[in-house]
Amino acid sequence: MSNRKYCYQAFVILEAASPLRVGTGHREGIQDNPILRDAFQIPYIPATSLAGVLRHLHQEVEGKTTSTIFGSAANALESDKTGSRIEFSSMHLVLGQEASQWRVADGVKAIHELKAPLDQHYRTQFREHVRINHRGVADKENHGKFDSELLPKGSRFACQISFWPEQEDPAAWEEVLQLLQHPLFRLGAGSRKGFGQMKLVALYERQLDFSQEEDMDRYLQTSACLDKHPTALYNKRSLATLDYNELKHYQLQLEAEDFVLFGGDFNMEIFSDLLKKSDKELQKGALPDFSPKLENIIAWDGPRIQEKEVYLFPATSIKGAIAHRFVYHLRRLKEDYIDHQAESFEEEENQLSAIQNHLERLTDSAYAAGLEEIKADLEKLKEVERELVFLAEGLQSSVGGAYLEQAVKSLFGLAAKEGESGQEGQRGRLLLSDVFLTKDKVSKKIFNHVAIDRFTAGALDQALYSEEVLALKEGIRLDLYVEKAAFERDPLIQQAFEAALKDLVSGHLPLGGGVMRGHGRMKGEIQTTQA
């Protein structure tokens, strides 16, 4: 048994910079993806989730030293197997603005005292999802309509990390701490949908030598319970900002040229408020049929924790628009145009048909054709058939087939399919997050629409509707992080991706809904740096 003489410990406060989903992994009666809760029905993040994410990230960033810190993998050789030298506590919700006011939902007493304010401030959100099939409609056959329960942006968690090296190893400890502010550090599911981005709020650290009586006393005075953790026994510090060579950072500053609409579902709270108003008030401002998506976040910018209702621009909508334009530019760069393919294929078909007709005439003719002529026609027929097969394989392996699949998979990832004929999934290498806008940064406008009956010149039944759109008073910022491994396979992938971003900042790629009515056009600039 090794002698644990040295110990590095950190008390960490992390804040969700985007909504967070750490799910149970199974469905409940009215929820498709409920979040994980403890025995007191309070959301938390298990230590295994944090340990797994940091181990995987450390393996990608550092590589060689992962097994000495996090232990060896199960499939390692018997002589190479080592246990983990790092310990993580579960992550529990935090209340309180300053360090002296922090209360952590850990322990029976703390949970009993904090249950009511936690339920008040940490109200979960529900996000609707729909998977689109090849026809551009909801994939109802494969359960394409589902929802997710999320912890709101701004949720704060506390945890403790302990590292027990065989000898003093501050370099390895620093490697672990730096992972907490790495752009790829995300917790929970849906990290490529914009979920799980974490921000380091506070870090308290100490390095203990148990041969020193003072350090031993400091260790023994610290309770395992995170509530009212004695931060006075730690040293507050900040982490230096590093350059991450494995990432490429695209920062987009966008300003809307016109109105923007990222539609939401039916808002029952607004509808309930309208029911309480008088008929005159209802006539002044009726509930629009289409309204922007609203979501609650937690704000820590005041003396007390606040819950704010903000407008949401989902990362999935932005990512989907970029992905479709990426495919377009990839086809353009490969000079794979559908009209050229159709013309070439039609020409070969006509040539094959002419040769077949010629052979039939030779067979039905009253005179015996020369053997050499028949052989020449047969060889010509085989040659054309080979060209047709080559064309068919080319169409499948071109941008429209295997090449496209591999290119999209390398950048945007690919969902795994179950069953015998299923495909192996791959995590995407593009990260971005939801965009939130407070109500003071936008103004609203309601458009009324009507569909005209071409025979009566009147309104079609149930075709009179309205939509509420937003005019942005300020620009928005998009941060996209791409792992450079996505571009290593083919330089055209990077060219197509950057061309899609240029379309976005030049107004040629609108975002959101109603783009055919002029909504969603934006202009801006791109700044490209190493992350």
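Only the coordinates and a few stated rules stand behind these numbers; no lab work does. Note that the structure is a prediction, hence the values are computed from the model and not measured. Neighbour counts run over all protein chains shown; Cβ positions are idealised from the backbone, glycine included.
Each peptide in 186-198, 316-328 receives the mean, over its residues, of other Cβ atoms within 10 Å, and ordering these scores from highest gives 186-198, 316-328.
Close amide H pairs (under 5 Å, H built 1.01 Å from N) link residue 290 with 466, 467, 468, residues at least 5 positions away or on another chain. For residue 38, list long-range residues whose amide hydrogen, built 1.01 Å from N in the peptide plane, is under 5 Å from its own amide hydrogen. For residue 38, whose amide H was placed from the backbone, the distant partners under 5 Å are 44.
Residue separation times 0.36 nm, minus the C-alpha to C-alpha distance between residue 530 and residue 62: what's the value? Please report the intermediate quantities before stating the final value.
Numbers: separation 468, 0.36 × 468 = 168.48 nm, distance 1.75 nm.
Gain on extension, residue 530 to residue 62, equals 166.7 nm.
Taking packing as the residue-averaged number of other Cβ atoms within 10 angstrom, the listed peptides 102-114, 167-179, 84-96 run from highest to lowest as 84-96, 102-114, 167-179. Shown for 289, 119: other C-beta atoms within 10 Å of each C-beta, ranked fewest to most, produce the order 119, 289. In order along segment 103-118, phi translates into HN-Hα couplings of 10, 10, 6, 9, x, 4, 5, 5, 5, 4, 7, 9, 4, 5, x, 5 Hz, rounded to whole numbers, per the Karplus curve 6.51 cos²θ - 1.76 cosθ + 1.60 with θ = phi - 60° and x for Gly and Pro.
Determine the shape class of segment 6-242: with a ≥ b ≥ c the square roots of the Cα gyration tensor eigenvalues, call it rounded for a/c under 1.5, and otherwise prolate if a/b is greater than b/c, oblate otherwise.
oblate
Whole-Hz Karplus values for segment 451-464 come out as 9, 8, 6, 6, 8, 9, 6, x, 6, 5, 4, 6, 10, 9 Hz, taken residue by residue from phi with 6.51 cos²θ - 1.76 cosθ + 1.60 and θ = phi - 60°; glycine and proline positions read x. Once the C-beta distance of residue 485 and residue 238 is scaled by a Förster radius of 35 Å, the resulting FRET efficiency is 0.70 to the nearest 0.05.
Arranged by the count of other C-beta atoms within 10 angstrom, fewest first, what order do 312, 254 take? Let's see the in-between values first.
On the way: 312 23, 254 20.
Ascending number of Cβ neighbours within 10 Å: 254, 312.
Among the listed pairs 5/109; 334/502; 441/523; 145/334, a Cα-Cα separation exceeding 27 Å is found for 5/109; 145/334.
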